[in-house]
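The values are calculated or read from the model by the stated rules, or taken from the named source; none is laboratory data. All figures in this text were calculated on a predicted structure; none of them were measured in a lab. Heads up, the Cβs are rebuilt from the backbone with ideal geometry, glycines too, and the neighbour counts pull from every protein chain shown.
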Amino acid sequence: MKLTLCTVQFHRGSGNPEINIEKMSGLLENIGSPADIILLPEGWLGPQILEHRHYMLMLEELKKLLPPGALLVSGAHYVRCREGVISTGAFLNGAETTHYDKIFPSHAIGERNIILPGTRQPLFVHRGITVAAVVCVDLFYPEIVRRLALRGAAVIFNPANIPAVRMGLWHNIGITRAAENTVFLAMANNTGTRYPDGREVKGKSFIAGPEGAFFRDCGDLPGVYFTEIDLQLIEKARERWKYLADVQSLHR
């Protein structure tokens, strides 16, 4: 089975939410039917903390813009919920909204002073394909990705907001996670924005395949990037590499 993944590499600019929701709405309206799954980066709206009600209303508006039958992986934002502020994203289609969280907020950039660890790491089935998401730095924890693969995820998404000086490392880790779990790993990054310390975020979103090959490097320009992936490559890789089968007994 083949899927068309649509990676939105978003020009976040200064992070003005009114401007960015208008820009994102325009992009989604024009994607059209080729996209089976649309992946947005982390924090594309901006770095602000969103009230839960506002966040849910935004998701409902995005859902209305989807091509028929498409799945949206909405990225993740800081959201004030009943238990406190968490970083959370959602899988959205015409009928369902399922949330996933950042499990380990980044110590390096001080997120642990702002947000709580999340708990939700669901699987989502779209067109018979099981997918999952790990937010930004959660990709650095091989145990998180391995657990999702063992539960049946064939495509794992990594919405992120990563500075250019770290993207070489991110590419290497993404390829490794894809190969060691024999899954597809798709990462979406913002572009045209900066960290508070001045480091530039300049895209380089990518897709890595189950045999450890790069399927797509989106460069540094903003845009909508379509990539067709063949899920039969997963079974082909697993005929040779028995990593998941070997470690099943360690996770019972």
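So, in the stretch 115-141, of the ones that are touching a helix residue (DSSP H, G or I) at 6+ places or on another chain (Cβ under 7 Å) and within 16 Å of ILE173 (Cβ to Cβ), which residue ends up surrounded by the fewest Cβ atoms within 10 Å (Cβ to Cβ)?
Looking at the filtered set, the residue picked out is PHE140.
Kindly indicate the residue of the stretch 122-148 that is in a helix (DSSP H, G or I) and in contact with a strand residue (DSSP E or B) (Cβ under 9 Å, 6 or more places away or on another chain) and also nearest to LYS202 (Cα to Cα) among those meeting that condition. I'd like the intermediate steps shown before the answer.
First, pick out the residues of the stretch 122-148 that are in a helix (DSSP H, G or I): 136-140, 142-148.
So of that shortlist, the ones also in contact with a strand residue (DSSP E or B) (Cβ under 9 Å, 6 or more places away or on another chain) come out as 136, 138-139, 145, 148.
Numbers: CYS136: 15, ASP138: 20, LEU139: 19, VAL145: 25, LEU148: 29 Å.
Among them, the one singled out is CYS136.
Name the single residue that is surrounded by the most Cβ atoms within 10 Å (Cβ to Cβ) among those in the stretch 142-161 being free of Cβ contacts under 8 Å to residues at least 60 places away in the same chain and within 21 Å of HIS77 (Cα to Cα).
Per the stated criteria, the residue is ASN158.
If you scan the stretch 106-154, which residues turn out to be among the polar types (S, T, N, Q) and over 28 Å from PRO68 (Cα atoms)?
Matches in the stretch 106-154: SER106, ASN113, THR119.
Scan the stretch 197-242 residue by residue and report those that are of a type in the set (Phe, Trp, Tyr) and at pLDDT below 95.
Once the filter is applied, which keeps residues that are of a type in the set (Phe, Trp, Tyr) and at pLDDT below 95, the stretch 197-242 yields PHE214, PHE215.
Within the stretch 81-99, restricting attention to residues that are among the small types (Gly, Ala, Ser) and outside any strand (DSSP E or B), which residue is modelled with the lowest pLDDT? Steps first, please.
The first filter runs over the stretch 81-99 and keeps only residues among the small types (Gly, Ala, Ser), leaving 84, 87, 89-90, 94-95.
Still in the running and outside any strand (DSSP E or B): 94-95.
Details: GLY94: 82, ALA95: 86.
By that ranking, first place goes to GLY94.
Can you pull out the residues in the stretch 149-196 that are assigned to a strand (DSSP E or B) and either modelled with pLDDT under 95 or of a type outside the set (A, V, I, L, M) (or both)? Lay out the reasoning, then the answer.
Our first condition is that a residue be assigned to a strand (DSSP E or B); within the stretch 149-196, this holds for 155-159, 184-188, 190-194.
Passing the criteria: PHE157, ASN158, PRO159, PHE184, ASN190, THR191, GLY192, THR193, ARG194.
Only residues that are of a type in the set (A, V, I, L, M) and touching a residue at least 12 places away in the same chain (Cβ under 8 Å): list them for the stretch 72-107, please.
Of the stretch 72-107, the ones of a type in the set (A, V, I, L, M) are 72-73, 76, 79, 85-86, 90, 92, 95, 103.
Within the stretch 72-107, LEU72, VAL73, ALA76, VAL79, VAL85, ILE86, ALA90, LEU92, ILE103 meet the criteria.
Select from the stretch 5-38 the residues that are in a loop (DSSP other than H, G, I, E, B) and among the hydrophobic types (A, V, I, L, M, F, W, C) and write down the one among them that is nearest to HIS126 (Cα to Cα).
By that ranking, first place goes to ALA35.
Name the residues in the stretch 200-225 that are in contact with a Lys or Arg (Cβ under 8 Å, 6 or more places away or on another chain) and surrounded by fewer than 18 Cβ atoms within 10 Å (Cβ to Cβ), would you?
Answer for the stretch 200-225, where residues must be in contact with a Lys or Arg (Cβ under 8 Å, 6 or more places away or on another chain) and surrounded by fewer than 18 Cβ atoms within 10 Å (Cβ to Cβ): GLU200, GLU211, ASP217, GLY219, ASP220.
Which one is farthest from ALA153 (Cα to Cα), of the residues in the stretch 79-121 that are touching a strand residue (DSSP E or B) at 6+ places or on another chain (Cβ under 8 Å) and of a type in the set (Gly, Ala, Ser)?
Going through the qualifying residues, I end up with SER87.
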